[in-house]
Every structure is written in C-alpha cells, then in structure tokens.
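The values are calculated or read from the model by the stated rules, or taken from the named source; none is laboratory data. What you are looking at is a predicted structure, and each value in this text was computed from that prediction instead of being measured. Here the Cβ positions follow ideal geometry from the backbone for every residue, glycine too, while neighbour counts run over all protein chains shown.
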Amino acid sequence: MYRIFIVEDDRGIAEAIDELCRSWGLETRVAADLRAVMEDFTDFDPQLVMLDIALPFYNGYYWCERIRRVSRVPIIFISSSSDNMNIVMAMNMGGDDFISKPFDGGVLMAKVQAILRRTYDFALTAPPLTHRGATLSPGDGTLTYGDVRVELTKNEMRILSALFEAKGRVVSRERLMELLWKTDSFVDDNTLTVNVNRLRRKLECAGLGDFIVTKVGVGYMLG
C-alpha cells in the first residue's frame, strides 16, 4: 500500500483528498502541524507528497526544498495559483507535477496512479544504462561517474533515461515533455528548459561537462 502525505491548510480540501486516496486503497496522513511538516514527513516516510503552495508560516516552496534535501519522493503541487510563474517555480524547486484548484477527483487520482506507477514499477524493472563511463541506475535514482554519485529527481531520471535509451539519436523536446508530464496543458518549453538546465549543473559538478547536447530547434541528445 502506497503512503501519501498531504500538506494542505484548507481542512475541507485536505479531508476530501484524504478520503479520495483512501477510497483508492492508499494509506494517507495529513500534516498535523504546518510549522513542523518535516517531522510528519520523516515519521510517515511517504511514497508521494501532495503539497499546497499558499501555506501559513512557510509556503510550499520552502517545504519542497526541505524535502528535496533528504528525499527524491515524487511531489505534486496542488494550488489555485496556477499562473506560469508558479508552475515553473514549482518544477524548478523539484516538483514532479502541478494540479490546479479546483480539480476533478478522478483526474487527480489518475495523475497520482501514473506517477506511482512510473516511479516505483519502472524503478524495479529497469536495468542500469551506461554512457561515457557514467552509469544510470533507475532502481535507486542515481547516476554514478567514477567515485561520484549523483542523486536525481524523478524528472531528471526520466530525462536521462530517455536520452540514454536513444543514445546517438536526438530526443525531441515534445517527446521529453510527453514522457515527463503526458498531456498536462501547463507544460511549456520554459518548464522543460528549467529541468534540463538544473540537470546539466548537477552533471557538470560531477565532472560530466557537455553530457547533454542541445540540438537547436529539435531537442537533446547525449554528448
């Protein structure tokens, strides 16, 4: 049974999400103290987090950054602040998806199930991939190069997996956006660029400069 951690200050919405998740056979916990979210997170050890942006004391971006210090768990932002700036910020902070309020319960659960399936089912079955002395391990969400081990977010793992599998060929931006977010209408070129640039910085710090090459107007490939 997957564990879902809900961080939402509107008790009505939190209880509705909690009830919906339980009806789908998921175990849930709603954050009890919005000043001490990490205590609940650590104790519950969830496999997915649903996180509002506009929270009292500290906003959702703050808690996302705190979670990302210790975990690669998928994070879905849920917010009525659905303008492009907030969506890009959510992705840049390490979010895996964004749901606008008000939302349809069926759509929300379809996204939750899809993320859980991609994150955990794929990780259990995918073999390691190699290129230029670097090894990508979907099972634990890391890339190893020499003695350096790079921890990857779920989106970073999906981007690299697509590029490794297409080694020697260009993967189009449209294909990468489809792999990351399927048909979510909020995805734009800037959102993908933010994710790729963040990934490039991690790879460069590990000694893998020019590991991802841009083919202008087309997409990306491994260098």
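List of remarks:
- Which listed residue, of G168, G94, G139, is in the same structural domain as R200 (by TED's automatic domain parsing), at pLDDT below 85 and either within 23 Å of V7 (Cβ to Cβ) or touching a Pro at 6+ places or on another chain (Cβ under 9 Å) (or both): G139
- Unique match (being at pLDDT 90 or above, within 19 Å of R118 (Cα to Cα) and either of a type in the set (A, V, I, L, M) or assigned to a loop (DSSP other than H, G, I, E, B) (or both)) among V73, V49: V49
- Filter pass, R35 being without any contact (Cβ under 8 Å) to a residue 24 or more places away in the chain, closer than 21 Å to Y120 by Cα and outside any strand (DSSP E or B): no
- Sole exception among (1) part of a helix (DSSP H, G or I); (2) closer than 25 Å to V194 by Cβ; (3) aliphatic (A, V, I, L, M) for A16, by number: (2)
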